[in-house]
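Reviewing the structure listed below.
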Amino acid sequence: MELPPPLHHLTELALAGVSATELIQAGELLSRRYRAEVQDGRLHLTDDLAARAYLVTRLPATYAAIWACMGAVAAARPDFAPRTLLDVGAGPGSALWAAAERWSSLGDALLIEASPTIRAWGERATAGATFGVSWRTADVTTALTDIEPRDLVSAAYVLNELAPAARNEFVDRLWSLTADTLLLVEPGTPAGWARILSARARLIAAGASLLAPCPHAADCPLASPDWCHFSQRVARTRAHRQAKRADVAWEDEKYIYLAASRYSGVEPQARVLATPRARSGFVTLKLCTQDGTARERPVSRREGAVFKAARRTGWGDTF
Ligand SMILES: C[S@@+](CC[C@H](N)C(=O)[O-])C[C@H]1O[C@@H](n2cnc3c(N)ncnc32)[C@H](O)[C@@H]1O
């Protein structure tokens, strides 16, 4: 998985004209704010240095996670061909480009972002888009009023930046703007999972069908200290490694998501909740299943085709 050329170009532009030290400091400040989920009334990406640090150190990972989530939507709904997209808290347009990679049907996108700084970066990439893109600088907790429903609505890594009191209404509003499918993505932390569970309950109550990752609409069977999350490996460029003072050429982005749809015809399939464990003659899968339970399923070599299928699955796949 690589960044599409328009986003890759943005990350290169972000490196120009700033020193490595400035980028490292800005990246560390951003990372501390994200880790602590700071809510001090300021957006994290208001100044240009923070935006550049985001592009170099976070965008590859958020793009990869969104791309993986959209892959799960496409796998659940091979017939889904969204023409219109609404992405809120768009940042530099990560979800737009992931959607464009997944669905060539995409013809028109509306991106809403509160920070003019990161929006300006995103606009540099969308200036060359071959489909219609409009941007709005607005607060998504108050400004989602005069918008027509869109086939695909997304909010990636945004719920965690909203005041807890604003989240329910935000989710309700996004659902009302969803003509077909709503995708929420959050960091794969216990707190991110809790936010997704709360949105999940509201969406089920509103009549949504769950496309992924849950194969059922019963209560989540996982209980603390366990939590549902997935992982996507992301290659780090040299600049990315330098900005993070890291030696390893990759990182694993942990994320959690929910794809809720007005379409209800998908046959639910069990979801693999951890990296499968292989030992002589067995592959053990941790599964969330259609009956609303989570359990370990040892698959024996004697099960032939099922064993072969189990060996091919990975964390996050259906089984
Ligand atoms: C972590 S970034 C995620 C950006 C992009 N969705 C991605 O996944 O790469 C969160 C974005 O949401 C924006 N944001 C936060 N609160 C917002 C609000 N109330 N209204 C609009 N945008 C908001 C931030 O400015 C930031 O660009």
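Quick look at the numbers
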quantity: Residues (closer than 16 Å to residue 213 by Cβ and either in contact with a helix residue (DSSP H, G or I) (Cβ under 7 Å, 6 or more places away or on another chain) or surrounded by 15 or more Cβ atoms within 10 Å (Cβ to Cβ) (or both)) located in region 289-318; calculated: 289, 290, 294, 313, 315, 316, 317, 318
quantity: Test result for residue 121, buried (at least 22 other Cβ atoms within 10 Å of the Cβ) and more than 18 Å from the chain's Cα centre (by Cα); calculated: yes
quantity: Helices (runs of 4 or more DSSP H) lying entirely in region 1-116 (those with 2 or more residues that are away from the ligand (no atom under 14 Å from the Cβ), in contact with a Lys or Arg (Cβ under 9 Å, 6 or more places away or on another chain) and under 20 Å from residue 134 (Cα atoms)); calculated: none
quantity: Single residue of 129, 75, 120 found to be farther than 27 Å from residue 169 by Cα and either β-branched (Val, Ile, Thr) or at pLDDT below 95 (or both); calculated: 129
quantity: Residue that is within 12 Å of the ligand (Cβ to nearest atom) and either surrounded by 22 or more Cβ atoms within 10 Å (Cβ to Cβ) or within 20 Å of residue 68 (Cα to Cα) (or both), where the choices are 166, 155; calculated: 155
quantity: Residue within region 121-128 that is within 13 Å of the ligand (Cβ to nearest atom), among the hydrophobic types (A, V, I, L, M, F, W, C) and in a strand (DSSP E or B) present; calculated: no
quantity: Subset tally (residues that are of a type in the set (D, E, K, R) and modelled with pLDDT under 95) for region 149-174; calculated: 1
quantity: Scope region 280-301; condition within 12 Å of residue 222 (Cβ to Cβ) and in contact (Cβ under 8 Å) with a residue 12 or more places away in the chain; matching residues; calculated: 286, 287, 288, 292, 293, 294
quantity: Any hit, region 102-115, residues being of a type outside the set (S, T, N, Q) and under 27 Å from residue 18 (Cα atoms); calculated: yes
quantity: Helices (runs of 4 or more DSSP H) wholly inside region 152-251 containing at least 3 residues that are assigned by TED's automatic domain parsing to the domain that holds residue 29 and under 16 Å from the mean Cα position of the chain (by Cα); calculated: 190-205
quantity: Residues within region 280-293 that are over 24 Å from the mean Cα position of the chain (by Cα) and either part of a strand (DSSP E or B) or within 15 Å of residue 227 (Cα to Cα) (or both), tallied; calculated: 4
quantity: Condition met for residue 116 (surrounded by fewer than 22 Cβ atoms within 10 Å (Cβ to Cβ) and in the same structural domain as residue 67 (by TED's automatic domain parsing)); calculated: yes
quantity: Subset of region 243-269 [surrounded by 22 or more Cβ atoms within 10 Å (Cβ to Cβ) and hydrophobic (A, V, I, L, M, F, W, C)]; calculated: 243, 256, 258, 259, 260
quantity: Some residue of region 214-229 being within 24 Å of residue 169 (Cβ to Cβ) and polar (S, T, N, Q); calculated: no
quantity: Per-region count, region 252-279, residues among the small types (Gly, Ala, Ser) and either free of Cβ contacts under 8 Å to residues at least 12 places away in the same chain or outside any loop (DSSP other than H, G, I, E, B) (or both); calculated: 5
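Here's the yes/no breakdown for (1) within 17 Å of residue 80 (Cβ to Cβ); (2) buried (at least 22 other Cβ atoms within 10 Å of the Cβ):
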position	(1), (2)
103	yes, no
110	no, no
139	no, no
150	yes, yes
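The values are calculated or read from the model by the stated rules, or taken from the named source; none is laboratory data. Predicted model only: the values in this text are computed from it and were never measured. For neighbour counting, all protein chains shown are included, and Cβ atoms are generated from backbone atoms with ideal geometry for every residue, glycine included.
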